[in-house]
Amino acid sequence: MFSALLTLALAVAALAAPAPTSPAPPAGQVSIKSITYGGTGCPQGSVGSFISDDKQTFTLIFDNYVASIGPGVAVTENRKNCQINLDLSYPSGFQYSVFNTVYRGYVGIDAGVTARQQSTFYFSGQSAQCSTGTNFSGPKSGDYSVTDSLPLTSVVWSPCGASTALNINSQVRLASTSTSGTGQITDDSVDGKITFVVGVQWQTC
């Protein structure tokens with residue numbers, strides 16, 4: 001198993017909502033307060049984190065975010081996840097939601113092996129959530145780039161009147177109908193310069 005490297009960038013610049021009556025927060029009034037993480041794909045101490053000077057993007061570099069399957073590979077290696085908690089600071093009177101994600105990575109799987117990358121988004125203290133993901137079927141080998149747009153009916157908004165953390169539960173997993181099939185999927189690529197971009201939209205409360 002090779003070491004996985006993931007660059008994770010979250011664009012939190014104020015993106016205008018579709019309706020002109022729902023403006024975004026003023027420029028410079030959105031920032032990242034803190035980032036915490038944990039999971040089988042990102043155990044404590046295995047992630048480097050960097051926040052841009054303008055507090056509008058962040059980068060996480062993972063050392064071992066990769067799932068593998070095959071003869072002799074422990075079943076616990078078939079799925080890896082990373083739970084990310086993002087705390088934003090923004091003006092009162094606004095709420096935000098995730099509307100699209102961009103994933104790039106590498107997948108190498110034999111015939112009979114399937115792979116999936118997925119992220120689930122929800123706000124702390126709320127039961128509503130939404131997910132995006134992509135399935136791959138073997139044989140397949142190479143980098144992938146996927147843009148997922150969340151249906152409007154699935155959009156989950158942060159609560160009004162409170163600054164609530166956004167949770168991102170990201171995972172990669174593998175399954176096989178073949179006893180000899182092997183495979184690997186990661187939010188990584190050969191050159192290691194990969195982005196997972198999350199776009200947010202705003203509206204007034």
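Using θ = phi - 60° in the Karplus curve 6.51 cos²θ - 1.76 cosθ + 1.60, the 3J(HN,Hα) couplings for segment 171-184 round to 8, 10, 8, 9, 9, 8, 9, 10, 6, 10, x, 10, x, 7 Hz; x is entered for Gly and Pro.
Across segment 86-165, Cα pairs under 8 Å and at least six residues apart give a relative contact order of 45 percent.
A simple spin-label model places the labels of residue 73 and residue 147 3.0 nm from each other, with each point 7 Å out along Cα-to-Cβ.
With K and R counted +1 and D and E -1, the other residues having a Cβ less than 10 Å from that of residue 40 yield a net charge of +1.
Database remark: amide H of residue 64 closer than 5 angstrom to the amide H of 4 (H placed geometrically; neighbours at sequence offset of 5 or more, or on other chains; Pro and chain starts carry no H).
Read-outs: derived from the displayed coordinates by stated rules, not from any lab. A quick note: this is a predicted structure, and the numbers were derived from the prediction, not measured. All Cβ positions, glycine included, derive from the backbone under ideal geometry; neighbour counts span all protein chains shown.
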